Amino acid sequence: MANTDSFDFDRVVDRHGTYCTQWDYVADRFGHADLLPFTISDMDVETAPCIRAALAKRLEHGVFGYSRWNHDDFKGAVSNWFASRYGAQLDPDTLVYGPSVIYIIAQLVSLWSAPGEGVLVHTPAYDAFGNMLAANDRVLLPCPLKKTEGSYQIDWQCFEQQAARSDCRILLLCSPHNPTGRVWTRDELGRMAAICQRYGVKVISDDIHMDVSFARYLPWSEVAEDESWALVSSGSKSFNIPALGGAYAFIANAEARAAYLQRLKAAHGLSSPPILGVLAHISAYRSGGAWLDALKTYLHGNLTQVAARLNAAFPTIDYRVPEGTYLAWINLSCLGIDTTERMDALQTLLVEKYRVAIMRGDTYGPEGTGYLRLNVGCPRSKVEKGLDALISALQELLAR
């Protein structure tokens, strides 16, 4: 992996007082403001120097009028990133902008399905998927992933049964998968593509975690058998820039692309993007590769430390470093923490005594019962403090 010496990911940055969701508003979810949070999936590290330099230069200009995204600099930066990084030839003419990944997904869901119809999702699932689908009067059709030794696998019988339903219109794929960290193989993606084509199911692939993949990531475009798909992503996770705004999608079909742009521009008045978000993406995808490589090495080290310490303290957990994301998905059911009541007890200890906030797994659906999701996108010193608290809380709970 890359050398991290050129970038100081150990540096602790105080995010208090910056209107930061993870730090300043932790009380909204956990009831206390003085907690060490491992919750929202952003990172406690400064973004790439090339991005900060590009933003500083633009701030010096001093004028912040209406701007555009539909130009070769933005579209070329994105499409060239996919080509150079992943060997995928994605047509920049099929690229569109959106204010966020979830916004783009929501528009495509409403274009490609009717109220009351179904959207197939691998579960446990990122909680915003369920919230968005419910708010748009769509039905989430779950396909629970099967836990095998050290990994998660697709239940192909369930997947095909759901896809074959007369009301199933869309596969909403998370690639890599949040929260389990699976990076789908070519065989898995190809099999999903074949089943979706067989039953006329369109595909929306949310690839926002693509750049933090430790196994080989493959874009959906490389297995798609027709034009009934969209790949939606952003640099916000990998380059830690969600507050700047901005996402994008490759929408293969011209009519679907035009319909999406009609909503973006006319229905919702979002034709002028925040210029700092556009510039951040251009800079990240043109010049941020070395920083990202170093970050991935550091994050993999954080996840390796989670595995080493948890497995030393509780060998039956058998936690394995995920194939992607900076999110540790930790199964505690082997310790008897396999009910809502037991998780409540653990969360109470973590929050009230150890002053740490970690996301409980059932936030991501019933398949997450007995799990925690720990965000390790931060300096290692913070990871160590979180692990100290988690191990101590677990030991105390198990001794009762």
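Here the chain is assigned +1 on the Cβ of each Lys and Arg and -1 on the Cβ of each Asp and Glu. Its dipole about the Cα centre then comes out at about 280 debye. Separation of region 344-400 and region 245-304, taken as the distance between their Cα centroids, equals 31 angstrom.
Among beta bridges from DSSP that stay inside the chain, the antiparallel ones total about 45%. Would you compute the Debye intensity of region 33-108 from its alpha-carbon atoms alone, equal scatterers and no solvent, and pass along log10 I(q)/I(0) at q = 0.15, 0.26 Å⁻¹ to two decimals? Log10 of I(q)/I(0), two decimals: -0.89, -1.21.
Just the protein heavy atoms count here, and of the accessible area of the chain at 1.4 Å, carbon and sulfur take up 49 percent. Counting every alpha-carbon pair across region 253-378, the share separated by more than 16 Å comes to 74%. Candidate cross-link partners of residue 237 among the lysines, defined by an alpha-carbon separation under 29 Å and a same-chain spacing of 8 or more, comprise 57, 75, 146, 147, 202, 265, 296, 382, 385. Rounded to the nearest 20 debye, the dipole magnitude of region 50-287 is 520 debye, with +1 charges on Lys and Arg beta carbons, -1 on Asp and Glu beta carbons, and the Cα centre as origin.
For the chain, the solvent-accessible area with a 1.4 angstrom probe is 41 square angstrom per residue.
Considering only 308, 392, 63, the residue lying farthest towards the positive end of the dipole of the chain is 63, judged by Cα position with unit charges set on Cβ.
Dividing the Cα radius of gyration of the chain by its Kirkwood radius returns 0.96 for Rg/Rh. In the elastic network of the chain, a GNM with C-alpha springs shorter than 10 Å, the most mobile of 200, 246, 98 is 200.
Rounded to the nearest angstrom and listed largest first, the equivalent-ellipsoid semi-axes of region 135-179 from its Cα gyration tensor are 22, 14, 8.
Both numbers refer to the Cα atoms of region 50-287; Rg and Dmax are 17.7, 58 Å.
The values are calculated or read from the model by the stated rules, or taken from the named source; none is laboratory data. What you see is a predicted model; the values in this text were computed from it and never measured. Note that we place each Cβ from the backbone using ideal geometry, even for glycine, and neighbour counts take in every protein chain shown. With ligands, DNA and RNA removed, areas are computed over all heavy atoms of the protein, side chains included. Shrake-Rupley method; radii C 1.70, N 1.55, O 1.52, S 1.80 Å.
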